[in-house]
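Notes for the one structure printed next.
Read-outs throughout are calculated quantities, based only on the coordinates presented, and are distinct from any laboratory measurement. This one's a predicted model, so the numbers in the text were calculated from it and none came from an experiment. Ideal geometry is used to build each Cβ from the backbone, glycine not excepted, and the neighbour counts take in all protein chains shown.
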Amino acid sequence: MVTLRPFYVYGPNSRNRSLIPSIIKQIKKNGKVKLSGKKVKRDFLFVTDFVNLIEKILQDFPKGYNIYNVGYGKSYSLNQVAERLGRLFGMKIEIEFSKVTRPDVSDMVADIRKVSKEFNWKPTIDIKKGLQLIVQGSTN
């Protein structure tokens, strides 16, 4: 049995309530982006990298019970993501940070050494390229 613990998986046609589509919607509406927590960082994994890993696992399914963290292996601040999206849309954006009402883990990054080693897998699409692909898809 395999359990995958994916971190933030994103890509074209993501649910509208998830972070990246929400930021895009706010940018397109009026250039004002509201984010939670100035210091919040997350590990973003592009959907095709996740699918490639699943295909590798299905080709060489391990014995026993295995748990794998799955992400890009690097975290980015929500602020960095919003600013990058603003640049990709050619807009100057204004970011407002809401007060965090409940404590949250400020920096989440996946330790992908185990899954990388066992399946000879490494994500290939970093956040810059992934956001570019999403923006290209949303303007076509």
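From Cα pairs below 8 angstrom and at least 6 apart in sequence, can you work out the relative contact order of the chain, rounded to a whole percent? Mind showing how you got there, number by number?
Values: 219 pairs, mean separation 51.6, N = 140.
37 percent.
Which far-off residues, 5 or more places away or on another chain, put their amide H under 5 Å from the one on K34, with H placed in the peptide plane?
Sorted by chain and number, the residues that satisfy this are E96.
Report, by chain and number, residues whose modeled amide H sits under 5 Å from the one on N66, excluding near sequence neighbours (fewer than 5 apart, same chain).
Close amide H contacts, sequence-distant or interchain: V2, T3.
Could you put F119, F97 in order, starting from the residue whose Cβ has the fewest other Cβ atoms within 10 Å?
Numbers: F119 18, F97 15.
By the 10 Å Cβ count, ascending: F97, F119.
Let me know the charge dipole size of segment 2-139 about its Cα centre in debye, to the nearest 20, where only the beta-carbon of Lys, Arg (+1) and Asp, Glu (-1) is charged.
Details: 26 positive and 12 negative charges, 98 e Å.
Roughly 480 debye for segment 2-139.
Sequence-distant or interchain residues sharing an amide H contact under 5 Å with Y8, placed H: which?
HN-HN under 5 Å from Y8: D43, L45.
Can you tell me which lysines have their Cα less than 22 Å from the Cα of K34? Leave out same-chain residues fewer than eight positions away.
Partners within reach: K25, K92, K99, K128.
Enumerate the residues in segment 40-56 having an amide nitrogen under 17 Å from the point lying 7 Å beyond the Cα of R15 toward its Cβ.
It comes to 45, 47, nothing else.
So which trypsin sites (Lys or Arg not before Pro) in segment 32-98 pass both tests, a DSSP loop state and at most 16 other Cβ atoms within 10 Å of the Cβ? Display every interim value, and only then the final one.
On the way: sites: K32, K34, K38, K39, K41, R42, K56, K63, K74, R84, R87, K92; in loops: K38, K39, K63, K74, K92.
Loop-located and lightly packed - K38, K39, K63, K74, K92.
Using every pair of alpha-carbon atoms in segment 2-139, split the distances into 5 Å bins beginning at 0 and state the percent of pairs per bin, rounded to integers.
2, 10, 19, 21, 18, 13, 9, 5, 3, 1, 0
By how many degrees, between 0 and 90 and to the nearest 10, does the Cα long axis of helix 47-59 differ from the longest principal axis of the chain?
Helix 47-59 sits roughly 10 degrees off the main axis of the chain.
Using +1 at the Cβ of each Lys and Arg and -1 at the Cβ of each Asp and Glu in segment 2-139, identify which of N69, F119, L19 lies farthest towards the dipole's positive end.
Working it through, the farthest residue towards the positive pole turns out to be L19.
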